[in-house]
1. Tabulate in residue order the Karplus-calculated ³J(HN,Hα) for region 33-41, using 6.51 cos²θ - 1.76 cosθ + 1.60 with θ = phi - 60°, rounded to whole Hz; enter x for Gly and Pro.
2. So, counting K/R as plus one and D/E as minus one, what does the shell of residues with Cβ under 13 Å around L53 add up to?
3. Sum up the charges of everything whose Cβ sits under 13 Å from the Cβ of V72, counting Lys and Arg as +1 and Asp and Glu as -1, but leave V72 out.
4. If you take the alpha carbon radius of gyration of region 3-98 and divide it by 2.2 N^0.38 Å, what ratio comes out, to two decimals?
Amino acid sequence: MSLIIKANTFATKRHVEVIAGMVIYYEAAFIGGKKKFPFGQVEHVLLSPAGVLSFQVGSEVFSIPTRSDNEVHRMAISALVQGVRNAHASTPAAYPAAGRSLS
């Protein structure tokens, strides 16, 4: 089962999809693309007070606005955080700081 957070505007299509073992980020204005990341590559996950979900992979940060009143958004955020936690729990030496930003 996949969980999708969509944040489309007139000019831009954007969504985050959380599926088994990975997160997919899609953004397209006129030309765009899809990026897939296994949970183990996600270094940090942050949720701002304004509801913007951000996750970092290497030097790139991917962000999307979320709605706290949307159950699918809440489930997707929870699944992403849990998946990243689980991935890093099995390889603690690879990402020693990962656990601090997920709590």
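Values quoted throughout were computed directly from the atomic coordinates according to the rules given, and no laboratory measurement underlies them. What you are looking at is a predicted structure, and each value in this text was computed from that prediction instead of being measured. All Cβ positions, glycine included, derive from the backbone under ideal geometry; neighbour counts span all protein chains shown.
1. Along region 33-41, the couplings run x, 10, 10, 10, 9, x, 3, x, 8 Hz.
2. +3
3. Around V72, the surrounding residues sum to 0.
4. Rg over 2.2 N^0.38 Å, computed on Cα atoms: 1.06.
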